[in-house]
Amino acid sequence: MSRDVKPLKNEGNQRQIVVAGAVAGLVSRFVIAPLDVIKIRLQLQTHSLSDPLSHNGIIGPVYKGTYRTFRSILREEGITAFWKGNVPAELLYLTYGAIQFLTYTSTTRALNSIHAPNSLSTTPNPKPLLPQTLINFLAGATAGTLATSATYPLDLLRTRFAAQGSERIYSSLIASVRDIGRHEGFKGFFRGLSAGVGQIVPYMGLFFAFYEGLKPPLSIMSSRLPAILPWNKGTGASDAAAGILASVFSKTAVFPLDTVRKRLQVQGPMRSRYVHRNIPEYQGGVVRTARTIVAREGVRGLYRGLGVALVKAAPAGAVTVWTYERVMGALLEWEEGNDTQTT
């Protein structure tokens, strides 16, 4: 990608986009799975870390910070605990990545085909009606909305498996689907969906706007520093750096909605059996849940796990876009090689 800094919308056909997006999702999920489990555990913790008295009567662990949480989970549950819910999560990221990149590239191409009134469609490079940054934002928001809505049940299952402690609430993926369907109905698979969509619209919009905007200057910077490894042209370091910065900026902006979503996802009859036994029952939707969290825990309650979320978001964004760009490049080169052989 760093070769000539093409925007994502100009790369590949639909099949190549789906394959590259799916592979990027799979690789990203496996890399960041442990950080994701830590983030979810911290987000579901409701007691105050600064007030020791609030810990009285709590059944379940008290996590303090990313490293201590990591040690606690490792000691109490073993190394495999960091990949709890990995089957639904891998399915989630595979499907999500494919839908996300396909929708993003298709939407950007469609929006770029809408030309400004004073720009003739017969000119070599007609000017689009909307500014490019706005196009990237709208395409990212659309991609995030469709991908989140289509894969939300898998996201909910991933959260519930990650919230399990030593006691297994769901014995398998099939058992969890059957149990939720029996006790909570179809709506149970979509708890917190409005918070998820409300979070992902600005997050993915900002992510792709930042990413597409940061790629050109970072690529130029890497080409001017060829002696500094691995920050040199051809390694994809500038793509990864753009992904890191875009992820950190976007995640910080929308994190409170992510916390609300996680709290809503573990509602239901099994709420008191997760690793945190004191998860409150929230009445109402996103706004009322957010107000309840602020009233009981303060504004800081909405930002529990932000540190590890940023630590997770940085490599997740970098790995996702780096893998996507590399797989897409390989697919394009393979197609070019086949075309050369046939001619």
*asked:* Restricting to the range 126-161, name every residue that is of a type in the set (Val, Ile, Thr), under 30 Å from residue 42 (Cβ atoms) and open to solvent by less than 10 Å² (accessible area, probe 1.4 Å).
replied: 151, 159
*Given the conditions (1) modelled with pLDDT under 85; (2) open to solvent by less than 30 Å² (accessible area, probe 1.4 Å), and given that residue 254 satisfies all but one, which numbered condition is not satisfied?*
(1)
*Scan the range 272-330 residue by residue and report those that are basic (Lys, Arg) and touching a helix residue (DSSP H, G or I) at 6+ places or on another chain (Cβ under 6 Å).*
304, 312
_Unmet requirement for residue 295, which otherwise passes all of (1) surrounded by 14 or more Cβ atoms within 10 Å (Cβ to Cβ); (2) farther than 14 Å from residue 196 by Cβ_ = (1)
*May I ask you to verify whether residue 151 is of a type in the set (S, T, N, Q) and closer than 25 Å to residue 323 by Cα?*
yes
*Name the one entry in 318, 314 that is crowded, with 22+ Cβ neighbours inside 10 Å and modelled with pLDDT under 85.*
318
*Could you tell me whether any residue of the range 293-300 is more than 24 Å from residue 68 (Cβ to Cβ) and over 25 Å from the mean Cα position of the chain (by Cα)?*
yes
*Working carefully through the options 131, 153, find the one that is farther than 18 Å from residue 30 by Cα, of a type outside the set (A, V, I, L, M), touching a Phe, Trp or Tyr at 6+ places or on another chain (Cβ under 6 Å) and modelled with pLDDT of 85 or more.*
153
*Got a number for residues in the range 136-178 being closer than 18 Å to residue 268 by Cα and either touching a residue at least 12 places away in the same chain (Cβ under 8 Å) or aromatic (Phe, Trp, Tyr) (or both)?*
20
*asked:* Show the residue pairs meeting these rules: Cβ distance below 8 Å; 6+ apart or different chains; first residue within the range 69-83 and within 14 Å of residue 36 (Cα to Cα); second residue basic (Lys, Arg) and at pLDDT 90 or above.
replied: none
*For residues in the range 2-18 being open to solvent by less than 60 Å² (accessible area, probe 1.4 Å) and modelled with pLDDT of 85 or more, which is nearest to residue 110 (Cα to Cα)?*
17
*asked:* Residue under question is residue 283, and the condition is that it be at pLDDT 80 or above and not aliphatic (A, V, I, L, M); does it hold?
replied: yes
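The values are calculated or read from the model by the stated rules, or taken from the named source; none is laboratory data. Since the model is a prediction, treat every value here as computed from it, not as a measurement. Ideal geometry is used to build each Cβ from the backbone, glycine not excepted, and the neighbour counts take in all protein chains shown. Quick note on the areas: whole protein, heavy atoms, side chains included, nothing else; ligands and nucleic acids left out. Shrake-Rupley method; radii C 1.70, N 1.55, O 1.52, S 1.80 Å.
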